[in-house]
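S.K.: Supplied in structure tokens, the structure appears directly below.
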């Protein structure tokens, strides 16, 4: 099932709720089926790991955990403020494009 999302990999987003409320970061990964995203430096959790070939000491590692897309809002690259997004048809290319609802500009 191909689910459309308002956030893509590489976007800058702001967290709306939860322990990381107010933080911004770059999206590293989006899971469209689960409707979750991993954001750089946000929602970090402690993960215990046993020693292995890569990590010979083991121990506790800090890692970003996935969070639901409803808790994230896209930051408009033009003005740096969070914005709602929409999709509209481009007349020339006949493809859908994302745009900012506040400034009506296309988001690349």
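Throughout, read-outs are computed from the coordinates displayed, never taken from laboratory work. On a predicted model such as this, the values are computed, not experimentally measured, just so you know.
S.K.: What is the distance in Å between the Cα centres of segment 85-108 and segment 45-59?
M.R.: Cα centroid to Cα centroid, the span is 44 Å.
S.K.: With bins 5 Å wide starting at 0, give me the P(r) of the chain over every alpha carbon pair, in whole percents.
M.R.: So the P(r) values, bin by bin, are 2, 12, 19, 18, 17, 12, 8, 5, 4, 3, 1, 0.
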